[in-house]
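Written below as structure tokens is the structure these notes are about.
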Amino acid sequence: MKIRVMVNGGAYERDVEAHRTLLRFLREDLGLTGTKEGCGAGECGACTVFLNGKTVNSCMVLAVEADGAEVETIEGEAEDGRLSAIQAAFDRHHAIQCGYCTGGMVMSVRELLRKNPKPSIAQIKEGIEGNFCRCTGYQQIIEAVLDVSGQLTPANKGELKYA
Amino acid sequence: MLENTDPSGLAVVGRPERRVDGVEKVTGDAIYTSDMSLPGMLYAQVKKSPHARARILRVDASKAESLPGVRAVLVGSELDYRLGLYVVDKDILAKKEVRHYGEAVAAVAADSLEIAREAVELIAVDYEPLPPVLNHMDALKPGAPLVHPDLGSYDYVPVFSPQAGTNIPNLSKLRKGDVDKGFAESEWIVEREYTNPSVQHVPMETHVAIVEWKSGDAITIWTSAQSPFTVRALFCYTFKLPLNNVRVVVPHVGGGFGGKAGIHLEPLAACLSRKAGGRPVKLQASREEEFSLLPCRSALTYKIKTGVRSDGRILAQELTLYWDAGAYADYAVNVTRASGYSAAGPYDIPNVKLDAYTIYTNKPYGTAYRGFGHVEFFWGLERHLELVAGVIGMDPLEFRKLNLLKPGSITITGETIAEHTGDPTKCLDAAAKAINYGRLTQEEAEREKRTGRKIGKGIATLHKAPAMPSFTATAAIVKMNSDGSVIVNVGLTEIGQGSATAIAQIAAERLRFPLSKIKVAIEKDTDKEPYDWQTVASKGIILSGNATVLACEDLLKEAYEVAAQVLRAQPIDLDHDAEKVFVRHRPDRSVSFAQLSVGYAFPDGNAIGGPLIGVGRYVAQGLSNLDKETGQGLPALDWTYGAHGVIAEVDLETGEYQVIKVASVFDVGKVINPEIVRGQAIGGMIQGLGTAICEGYIYDDQGRLLNPSFTDNKIPTAKDLPEEIESIAVETAQLDGPYGARGVGEHPMISVAPALGNAIMQASGAELLHMPIRFEDVWRAMRNREPIDNWITKTPTGSCRSDPATRIHSPNRAAAP
Amino acid sequence: MLQRFEYAAPTDRAELLRLLAESAEYRAQAEYGARTEHGAMAKLLAGGTDLLVNIRAGVAKPSLVIDVKKVAGYAGISWSESEGLIIRPAVTINEILRDAAVSSRFPLLAECARDLASYQIRNRATVIGNVVNASPCSDMAPALLCLGARALVASSRGRREIPFSGFFTGVKKTALGSDEILEAIVVPASSAGARGAYRKLKRIAGHDLGIVGVALSRKDGLVKIGISSSAPTPILVEGLEEGDSVDKVAAAAREAISPISDVRCSKEYREFMVETFVKRLMREVA
């Protein structure tokens, strides 16, 4: 089936089989490998992208359902080679270790801040609940979000202490 | 090493520099094996056993072979190769018998994943199911079915002791002093048993390999792996090839945690490629396959018998560890060995009898997992010490401090602890202080009143040395570019832990260059990187860090030699800064690194020198083999000590609980990068909390894995964080570590669970002996109801739970008044 | 997704019902061993968060997936005093959470929706999808049962109404015929303003399906309880009145459930937690 999709502002026209997921379409048909598969069953969030402005697990969306839609992925986050504020904060705060969850995580953070520009820590945790990270333990990701939203203080900026 | 690396006035080491791989990861640019596609690449799928134990009577792959788009089909009978890190007990595809649920029986490579999947469905396998042995304690009984009847004929590394004719591929022993005497002198003897189920690493990127087996047996392997040189070595051992035939490439890795430390999908992908005429074959595990086809972490039953004096001094420990390794020995025999010299904890114990068994069962098998056995046995040990403290009526903190190793103490393997080994007491004190152990603050007391829930506090210590061969070695190469910047090549693999950044910082410090002039090659290539044993064991910072320091010194020495000729000075009179080498007493006489970098040309055209390349090698020094009977020897490159303090809040009616605070302390010697250390501390602690709260394999009584996905194999999300987290570093310099550093990659995961268990017990009286600690388990323990089988449901032959009986007797105590 | 199927996205309601009828015919004939040239074994696709998981796991094997989201008239939530609250097939869980009529008049619906899976799932999962999946763990069912909701069902043969108290017939089974679609959920205006809350026991603080779930609502002198994960279907406990003692209400709930032991929880603990949740909700919901 022929589909037309806008991805990160670029128009794409491709022939896909009905059963092909949006995730595989992005990664294999368009070569946008920044979005990852972590479970294929909508549990882990590594495949999070924007579909018509809403974050979704792209492993649970068929490519044909995205016909005529607008999709945004991690590859569209930086502009003209400059990191977005979220990306720069992730980099500053060591919110990245192996990096595999990062693409989806940044998408969820962008959505969280769009809905709620000054989220509390509890709201941040709620906002990234659907994105598993096995490496960081989430804390530095939360601090990156506090920084981007202008809420980082000495009280909530965790630091390694020395005994 | 420390004397050579002045720890004062550091410019780069100790600073929270950004990761060298941060930008490529946060933009989605970083390429992982799972992202890769090669021309002509085929996709593989695996046919897996639905039985835990069965004879394979017949495999009919004819329909699969004739499906259009299928390029290779393999069944076990075609592959006469054996695999095994330490005990060579595994076929690439099961041949006559399957030994665990999910084991690979056949495989297909096809033009697309869909065709491969369809082809796998078309392979018909006739099984004769056999009664599986699932409970590792049952596997020890005489007459138990043998998972490996031919164990006696397997090749194995001589450091291990497989017991032919049994289900025991290894038995490790340790004897120190005389436990009988110790018990005889004890006023109290306390015995109990603790258990841990299997858990999975859950790397976000599942195991994946792309292999190309070309003419002349020239093989290239791209793999998401921790140890490229081990993949090459084991691959060549299995296929009897010279090492130069095989090139292993590791791009970015989406998490390892030990699960990718060895060799896994590579041999099967390779055989498919060979059969498909050399086309590259990509084999990636689905998440469900990650849970059952790929290995997990061994389960454990730990029996502890402690003899103690009423003043609190532990006189004797009789420790028996029963490791449930599943169907293949893999790393499990080495986990057993490591537990053999470490499972008494960081305590000074004069008399120890330790026996550690690796036991085969018909279940997915255990491999290396962060902590290498320590997360498992510290659960039992630190829960047990709490019990013992209660028996003698001593505060658990004071009881531990009394018995902790101190300078001059002798470990259970006969190693003498020095001041510079590390400071477990300082760690424990800092953890206890951070949670106000022993009392409730006013805020906490008010919270109890408000919520009606009870707050409890628990502590636990930890230690670990790298579990590695006594001769583990590595090297580093530092090459200067023509602009005076450098590239560092190490075999140590970046798997998210931050090793590339730490190595870059060490190189920058030693060279006195800004970090911006240092590049650490991230992709590993066994054709290009110098040898490194494996990226495991928390030994990277010491071994590769030292090698990097030495390589930098070598580079500077070469540069000075050439500069001395240029500047007509003695090397000893030279100094350098980030840009140039100069004569110390006449600094206007200088030559830039750029000018020296690839050979120096005099104004008249004559040239001297050549490309500046520094090489550093480092091998573990002074370590010795362990005596097979007594376990005595010097196995430890270093010891990293630590402790956790946990504050938990328990609903006394329902058993529901939450974690209010975790404070974690580690003696890391020297913090190379505080944000990276904190990232390891928190990431590892949360992974430890996961095993404490919700992780664990559950089987039915036929050995089928009942929770092979995230639906029922939960891991912590951001909402599962404690309300407050504190990470604390102690810096007792490791004299032979770079700038005094020692490793901390695994340690944050260790002892989180018993600290939590101790906190819950203090709040509610619930004595928890198994992991995970589910709300229902707390509820049952509070009500003295029978614990439910944690691992195997509806088991007909007896449950896998530990014997809950606690035996406390007092052979020498006068009758209480 | 490795299993192959065809995809149709009708924009016209009549076309959807025709495809469904064809599929039911095909299914019936296949059961008798006959094969038909036309038609296919179809499954309806809304959010996909249950269907695609089931297809991937080999539990559902449709040869045709019919997307309901493009059908005219299948989007949106509407509220009026005369018709009540109407939830249509494309309405997602997050839409419920954002809807003003729901939050002001039917807060129990929002309560149950709030802890359903993760944010990304809630952006796709639909209310109707959640109930036709008929999992005993359904988070939305307890609210719909308490609020006396009705299912408006359509097929090419016509329309009918089923109260939710009769909708769930077994584990993952509903009263829907193979050619029928749940076209709207109607929550009666008479339930507007019901006070209620939902307690869900999970294994972790993060997203998890319910180990047990209890919704309690109070309106017009009546107390109603909707319980999930404690029986083959979500269940409704009625016949309780304002003024009934906590013990009586808890006992009624206890009587109504028939939980099992599984890998998530034991029967005993489920029984205990249902009772405990009921007791706590009785105190919490004024």
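Going by what's in this entry, would B:I672 be described as out of contact with any strand residue (DSSP E or B) (no Cβ under 8 Å at 6 or more places or on another chain) and closer than 20 Å to B:D423 by Cα? Yes, satisfied. Only strands (runs of 3 or more DSSP E) whose full extent lies in the range C:1-120 are considered here, and the ones with at least 2 residues that are surrounded by fewer than 18 Cβ atoms within 10 Å (Cβ to Cβ) are C:6-8, C:77-80. Just one of the numbered conditions (1) touching a Ser or Thr at 6+ places or on another chain (Cβ under 6 Å); (2) crowded, with 24+ Cβ neighbours inside 10 Å; (3) of a type outside the set (G, A, S); (4) in a strand (DSSP E or B) is not true of B:V352: (1). Restricted to strands (runs of 3 or more DSSP E) entirely inside the range A:1-97, those with at least 2 residues that are β-branched (V, I, T) and either without any contact (Cβ under 8 Å) to a residue 12 or more places away in the chain or closer than 30 Å to B:R19 by Cα (or both) are A:48-51, A:54-57.
Residue-by-condition table, conditions (1) within 24 Å of B:E731 (Cβ to Cβ); (2) not in a loop (DSSP other than H, G, I, E, B):
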{"position": "B:A368", "(1), (2)": "no, no"}
{"position": "B:G414", "(1), (2)": "no, no"}
{"position": "B:L428", "(1), (2)": "yes, yes"}
{"position": "B:K449", "(1), (2)": "no, yes"}
{"position": "B:K457", "(1), (2)": "no, yes"}
{"position": "B:A460", "(1), (2)": "yes, yes"}
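If the condition is being crowded, with 17+ Cβ neighbours inside 10 Å and in a loop (DSSP other than H, G, I, E, B), then the range A:141-150 contributes only A:S149. Filtered by the rule that a residue be of a type in the set (K, R) and under 22 Å from B:A607 (Cα atoms), the range B:567-586 gives B:R568, B:K580. Note on the range A:87-114: residues that are farther than 19 Å from B:E205 by Cα and facing chain B (nearest Cβ under 9 Å) total 7.
Screening C:N133 with (1) at pLDDT 95 or above; (2) closer than 15 Å to C:G48 by Cα gives one miss only, at (1). Regarding the range B:530-553, can at least one residue be identified that is among the acidic types (D, E) and under 20 Å from B:G484 (Cα atoms)? Yes, the conditions are met somewhere in the range B:530-553.
Could you list, in sequence order, all residues of the range B:482-498 that are among the aliphatic types (A, V, I, L, M) and in contact with a Gly (Cβ under 8 Å, 6 or more places away or on another chain)?
Kept after step one, since they are among the aliphatic types (A, V, I, L, M), are these residues of the range B:482-498: B:486-488, B:490, B:492, B:495.
Matches in the range B:482-498: B:L492, B:I495.
Somewhere in the range B:722-743, is a residue at the interface with chain C (Cβ under 10 Å from one of its Cβ atoms), within 28 Å of A:G42 (Cβ to Cβ) and not in a helix (DSSP H, G or I)?
No: zero hits.
Here is a yes/no grid of residues against (1) over 28 Å from C:Q120 (Cα atoms); (2) within 14 Å of chain B (Cβ to nearest Cβ); (3) surrounded by fewer than 21 Cβ atoms within 10 Å (Cβ to Cβ):
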{"residue": "C:D179", "(1), (2), (3)": "yes, no, no"}
{"residue": "C:L182", "(1), (2), (3)": "no, no, no"}
{"residue": "C:A205", "(1), (2), (3)": "no, yes, yes"}
{"residue": "C:S261", "(1), (2), (3)": "yes, yes, yes"}
{"residue": "C:R270", "(1), (2), (3)": "yes, yes, no"}
{"residue": "C:E284", "(1), (2), (3)": "yes, yes, yes"}
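Just to be sure, is C:V153 within 22 Å of C:R218 (Cβ to Cβ), hydrophobic (A, V, I, L, M, F, W, C), in contact with a Lys or Arg (Cβ under 8 Å, 6 or more places away or on another chain) and surrounded by fewer than 24 Cβ atoms within 10 Å (Cβ to Cβ)? No. Criterion applied to A:L83, A:L62 was being surrounded by fewer than 24 Cβ atoms within 10 Å (Cβ to Cβ) and at the interface with another protein chain (Cβ under 8 Å from one of its Cβ atoms), and the one residue passing it is A:L83.
Just so you know, in the range B:562-581 the residues that are of a type in the set (D, E, K, R) and in contact (Cβ under 8 Å) with a residue 24 or more places away in the chain include one that is nearest to B:V486 (Cα to Cα), and it is B:E579. The residues listed here are B:A164, B:A144, B:A94; of these, the one that is over 13 Å from B:A329 (Cβ atoms) and buried (at least 22 other Cβ atoms within 10 Å of the Cβ) is B:A94.
Looking at B:G165, B:G182, can you tell me which residue is on the phi > 0 side of the Ramachandran plot and not assigned by TED's automatic domain parsing to the domain that holds B:G684?
After ruling out the rest, the residue left standing is B:G165.
Taken together, B:M41, B:M36, B:M1 contain a single residue that is surrounded by fewer than 22 Cβ atoms within 10 Å (Cβ to Cβ) and away from chain A (no Cβ under 14 Å), which is B:M1. Every residue in the range C:178-219 that is assigned by TED's automatic domain parsing to the domain that holds C:R160, acidic (D, E) and assigned to a loop (DSSP other than H, G, I, E, B), please. Residues satisfying the conditions are C:D179, C:E180.
In the range C:189-201, of all residues being within 14 Å of chain B (Cβ to nearest Cβ) and touching a Lys or Arg at 6+ places or on another chain (Cβ under 9 Å), the one that is farthest from C:I227 (Cα to Cα) corresponds to C:L201. Looking across the range B:239-271, the residues that are touching a helix residue (DSSP H, G or I) at 6+ places or on another chain (Cβ under 6 Å) and β-branched (V, I, T) come down to B:V246, B:V248, B:V250, B:I263.
Annotation: B:E128 fulfils all but one of (1) surrounded by 18 or more Cβ atoms within 10 Å (Cβ to Cβ); (2) under 30 Å from B:A325 (Cα atoms); (3) acidic (D, E); the unmet one is (1).
Take A:T21 and tell me if it is at the interface with another protein chain (Cβ under 8 Å from one of its Cβ atoms), within 10 Å of the chain's Cα centre (by Cα) and modelled with pLDDT of 95 or more. The answer is no for A:T21. Yes or no: B:G690 touching a helix residue (DSSP H, G or I) at 6+ places or on another chain (Cβ under 7 Å) and at pLDDT 95 or above? The answer is no for B:G690. Within the range A:115-140, if we keep just the residues that are away from chain C (no Cβ under 12 Å) and among the basic types (K, R), the residue that is surrounded by the most Cβ atoms within 10 Å (Cβ to Cβ) turns out to be A:R134.
Could you pull out every one of the helices (runs of 4 or more DSSP H) wholly within the range B:9-122 that has 2 or more residues that are within 27 Å of the chain's Cα centre (by Cα), closer than 30 Å to A:F90 by Cα and not aliphatic (A, V, I, L, M)?
The helices (runs of 4 or more DSSP H) meeting that bar are B:22-26.
To keep it simple, each residue is scored yes or no on (1) under 30 Å from C:V53 (Cα atoms); (2) at pLDDT below 95; (3) surrounded by fewer than 23 Cβ atoms within 10 Å (Cβ to Cβ).
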site	(1), (2), (3)
B:V650	no, no, no
B:Q658	no, no, yes
B:N673	no, no, no
B:K719	yes, no, yes
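Please work out which residue is farthest from the other protein chains (Cβ to nearest Cβ), limiting yourself to the range B:603-660 and to residues that are in a loop (DSSP other than H, G, I, E, B) and charged (D, E, K, R). Don't jump to the end; show me each part of the working.
First pass over the range B:603-660, keeping only residues in a loop (DSSP other than H, G, I, E, B): B:603-606, B:612, B:620-639, B:651-656.
Okay, now just the ones that are also charged (D, E, K, R), so B:604, B:627-629, B:638, B:651, B:653, B:656.
Numbers: B:D604: 45, B:D627: 37, B:K628: 37, B:E629: 40, B:D638: 19, B:D651: 9, B:E653: 6, B:E656: 8 Å.
This residue is B:D604.
B:A502 satisfies every condition listed in (1) surrounded by 24 or more Cβ atoms within 10 Å (Cβ to Cβ); (2) over 16 Å from B:V744 (Cβ atoms) except (2).
The values are calculated or read from the model by the stated rules, or taken from the named source; none is laboratory data. Predicted, not measured: the structure shown is a model, and the values here were computed from it. Methodologically, a virtual Cβ is constructed for each residue, glycine included, from the backbone with ideal geometry; neighbour enumeration extends over all protein chains shown.
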